[in-house]
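What follows draws every value from the coordinates through simple rules; no lab data is involved. Quick caveat: nothing in here was measured; it's all calculated off a predicted structure. Heads up, the Cβs are rebuilt from the backbone with ideal geometry, glycines too, and the neighbour counts pull from every protein chain shown.
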Amino acid sequence: MFAYWLAVRRLHPLDLLAGGLLALGLLFLSTGLLPADSAGAAAQRIAPLLAFLGSVVVLAELTGTAEVFDVLATRVARAGRGSYPVLFLLCVGFAALTTAVLNLDTTAVLLTPVMLALATRVGIAPLPLAMTTVWLANTASLLLPVSNLTNLLAADRVALSSAGLARAMWAPQLAALLATMVCLWGFYWRRGRRGADGYRPPEVRRPKDPVLYRICALACAGFLAGSLLAPVPLWVASGTAAAVVVAAYAVRRPEALRASLIPWRLLVLVPGMFLVVQTVDAHGLHRLLAAAIGDDAGPLGLFRASAVGAGLSNLLNNLPVYLAGEAAVPAGNHQQLLALLIGANIGPLIAPWASLATLLWYERCRSAGLRVPLRSVAGTGAVLAVGGVALATAALAVVGSG
């Protein structure tokens, strides 16, 4: 018993949350609170999501170990040539691209420590770089199905391919990026906040293993091309790319292949969330959300859906909120569903628990010794959440009606 208690104490709070949600969901299922048919439908939806999530995180972790992100970050800083405005634009582009083509958790987990280390190497304040990663991890996650688990669910619901979702969301994504850039510069990057006029470009960084570096870079490029152009499921594209990288590591660095690469926490958390939300949805949440979102497919209905998604995401968490909201949106209201997606993706910028990416970001900042001012981060996040969701929803309404 004592050994068991010590093992539990060593677990991260997110591990306890994930295990608790799964146990609660299984309890609901075993007691009949969750109908077996609903649980079966949830299992069918999450199976490909879990396959994608597990393989893409392994791909991202091993790509980070091969120093692909470090080399790219150093090149970004050198390309800025000591100019803060140029560095700002490059960092925004780097973080937005990482979020869009890999996923938001990759940006939060892998890019945050790279940016913090970069701040130390070039002698600049770390908070602006850290805020760039966490905000863009959320606000740059609208464009592709791979960018966010909620996108995968939405694309499946409205039968959109990767290219189809990109065509539908390019304008909202552009609006969200512009709002993020304005808030980042005004709150964190301007001269009065960063405390310096320029910075010292870092030395050239070369990977320790150029072969692994090239294989991982090509695998990521192949994954992106496959997800956008090839008529294959996303989990197949990510699984193939991950298999190539794992094979390369098995030959060159087998000691790096360990069980901890697999995102066990996420693989437990996601089905737990699905089961719990399905249970709550079966006992009244659906009616409340349906009343709040409404069935208006016009501009007002879009703003109602995005506001509900953003507001409830900061009270609960964006993934279960999207899942419940999706069931409340009328089947034919595809634009309203995309508006809900906007709120669930861009809105979770206020509460630390609003998205898993934000929780992971806080954890990375603490491990790096960066003190995050919670009150000011929540306040500035609220400004961006309101402005970004409103602008992105307006863009969706304009483009969708054009």
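Points to keep in mind about this one:
- Between region 102-151 and region 256-274, the C-alpha centres lie 20 angstrom from each other.
- Scaled radius of gyration (Cα, divided by 2.2 N^0.38 Å) that region 248-386 gives: 1.27
- Per-residue ellipticity at 222 nm computed for the chain from its helices equals -24000 deg cm²/dmol, with DSSP H segments shorter than 4 residues left out and the rest contributing -39,500 (n - 2.57).
- Sequence-ordered 3J(HN,Hα) estimates for region 263-275 from the Karplus curve with 6.51, -1.76 and 1.60 and θ = phi - 60° stand at x, 4, 4, 5, 5, 8, 5, 4, x, x, 4, 4, 5 Hz, glycine and proline given as x.
- Highest-first packing order for the peptide set 354-365, 234-245, 102-113 is 102-113, 354-365, 234-245, based on the mean count of other beta carbon atoms within 10 Å.
- Couplings 3J(HN,Hα) for region 281-294, derived from phi with the Karplus relation 6.51 cos²θ - 1.76 cosθ + 1.60 (θ = phi - 60°), are 5, 6, 10, x, 4, 4, 5, 5, 5, 4, 5, 6, 7, x Hz, where x marks Gly and Pro.
- With the convex hull of the Cα atoms taken as the outline of the chain, the averaged projected area works out to 20.5 nm².
- Taking every alpha-carbon pair under 8 Å whose residues sit at least 6 apart, the chain reaches a relative contact order of 24 percent.
- Put simply, when 172-182, 80-90, 254-264 are sorted by average Cβ atoms within 10 angstrom per residue, most first, you get 172-182, 80-90, 254-264.
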